[in-house]
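Written below as structure tokens is the structure these notes are about.
Each value in this text was obtained by applying a stated rule to the coordinates, not by laboratory testing. From a predicted model like this one, the values you see are computed outputs, not experimental measurements. Cβ atoms come from the backbone with ideal geometry, glycine included; neighbour counts cover every protein chain shown.
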Amino acid sequence: MDAISLNIFSSQMNSICLEMGAVLQRSSFSPNIKDRLDFSCAIFDSEGELCAQAAHIPVHLGSMAYAMRGIVRTCDWFEGDMLIVNDPFLGGTHLPDVTLIAPVFLNGQLMAFVVNRAHHADIGASSPGSMPISRSLAEEGIIIAPTKLIEAGNLNDEFLAYLLSHMVDEAFSKGDFLAQISANNTGVSRLTELLDPVGERGFRLGLKALNAYGARMAQRGLSALPTGVFVFCDYMDDDGLGNRNIRIEAKLTIGEGRVHVDFSGTAPQVEGNINAPLSVAAAAVYYVFRCLMPEGTPACAGTFSAITLAAPEGCLLNATRPAAVTAGNVETSTRVVDVVLGALVKAVPTLIPAASHGSMNNVAMGGRDEGRAWNYYETIGGGMGAGECGGGLSGVQTHMTNTLNTPIESMEMHFPLRVRRYSLRGGSGGRGKIPGGDGLIREFEFLENANITLITERRTTSPWGVLGGESAALGVNLLDGVVLPAKVSKPVTAGQRLVIKTPGGGGWGMLISE
């Protein structure tokens, strides 16, 4: 396949993922999906190897790329099927991220799969927002093993009713599930239109050429890194249940255009919910090295073929069932990025930026006052780490999530909340030749009694600077002026105010005094 044809083929695949995302966003009910864009869409080949993805959520897409081969082998596939799954130990991330998979056939031959994954603020956990301070997976909501939600075109109404029976607002949740179905139906239709003129042979030749190109581009990017072994460690603040300073260590072995990441120095899995399945660690690793590859490198299996990783079974990054994992997806994945980047600083110090705010600053809340039940969840941005080539942005999401904030108008329209303050947190970025970005301040006033859960990080271990740049300010959580732990679940009453001050990003380079 010549270069122009390959570029057209790749662009067509990517456009299908983008259209799926547009359908999902515009037909969903929850602010979590339609406003924050907490979803991802991708295409996989018949063996479960990644073919294309939209630039949605890195932790969703990387984990799917790592685990989809195993998922698609769990059942026999027929036209009109659609499988649903959220089990973190079967290729998921955490229970709120629900994945729908639909096969695509051509003349009776299985050709590919279209997939979307979306975050549901209510997945049946006992605490609002379905992000509890949990000790086991069973406490985090309903566990969906790979199940045909649609079989041969027929919706499994009984199973959908079973899922919805675990949720506070069944109509709201049903709308989001149907939006996911619609997104996959769009993907099946568009991919079929792409397949019809090229046929099975043309499609498979296109994928072969795409993977070969991705592998060449990855080789080019990884070959620019110095050969050697580079080690770095960092720490999770705590697991919410008293375990503190939990070590994550990465040893990078780089050479001949390949890289292996070994997490053997990482702490064992813990009682709290910051454990992660290996697919989440893989997502973080893939993300970091994708950032180092040349512009235009496709998101396909060939691109990631030169990257391998290992973590001991039963450690924090390769937890075993029934470990609690709801924060592993959002918080631990972010720290894995910091650790891998920290190791790369030792290899190419002028190329790698300082640590960013290092937490998704998760806020979950809800209540049942006045006969009305509500669930809300959001992540809050912070400061980006500075680098020689730029960075240092303020008030942004970084690394493992591309989600947006929830607009104040949407939040106040849907939920009994009032946002009293939303601003940059001046001076929270690390000082340096290039200063790190500042974090955010978001202040909520509760208009009804509610329950809140906070799952945050970088409240005791600062985002680090590079080459003499200073560390950023720690994050702070406050309720009516009283400091809250990094991870906490508690009731609040109408009139109380919750303030989240997010960390900044680390500075880059020595600050030269005037």
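Points worth noting:
- Cα convex hull of region 308-424 - mean projected area over all directions, nm²: 10.3 nm²
- Dipole magnitude for the chain: computed about the Cα centre from +1 point charges on Lys and Arg Cβ and -1 point charges on Asp and Glu Cβ, it is near 1140 debye.
- In this simple spin-label model, placing a label point 7 Å from the Cα along the Cα-to-Cβ direction at both residue 412 and residue 151 gives a separation of 4.9 nm.
- Fully extending the segment from residue 478 to residue 107 would add 127.6 nm, taking 0.36 nm per residue of separation and subtracting the current Cα-Cα distance.
- Placing a label point 7 Å from the Cα of residue 159 along the Cα-to-Cβ direction, the residues of region 101-121 whose backbone N falls under 15 Å of that point are 101-103.
- Diffusion coefficient, µm² s⁻¹, Stokes-Einstein with Kirkwood Rh over alpha-carbon pairs of the chain at 25 °C and 0.890 mPa s: 106 µm²/s
- Of 148/174; 174/501; 174/487, those spanning more than 24 Å from alpha-carbon to alpha-carbon: 174/501; 174/487
- Theoretical FRET efficiency, 1/(1+(r/R0)^6), r = Cβ-Cβ of residue 47 and residue 497, R0 56 Å, to 0.05: 0.60
- Between the beta carbons of residue 166 and residue 346, assuming R0 = 60 Å, the FRET efficiency works out to 0.80 to the nearest 0.05.
- Pair-distance distribution of region 3-215: all C-alpha pairs, bin width 5 Å, starting at 0; shares per bin in whole percent are 1, 7, 16, 20, 21, 16, 9, 5, 3, 1, 0.
- A cut-off under 14 angstrom between Cβ atoms defines the neighbours of residue 423, and their net charge, with Lys, Arg +1 and Asp, Glu -1, is +3.
- All alpha carbon pair distances within region 201-327 were sorted into 5 Å bins beginning at 0; the resulting P(r) in whole percents reads 2, 11, 18, 18, 15, 13, 11, 8, 3, 1, 0, 0.
- The spacing between region 59-92 and region 444-514, judged by their C-alpha centroids, is 35 Å.
- Percentage of interatomic Cα-Cα distances in region 108-195 larger than 19 Å: 48 percent
- Whole-number Å³ per residue for the convex hull built on Cα positions in region 353-514: 106 Å³
- Semi-axes of the equivalent ellipsoid for region 207-253, Cα gyration tensor, largest first, Å: 36, 17, 6
- Centre-to-centre separation between the Cα atoms of region 164-223 and those of region 278-304: 17 Å.
- Pairwise Cα separations in region 106-262 fall into 10 Å bins from 0 onward with the following percentages, short to long: 8, 21, 20, 25, 23, 3.
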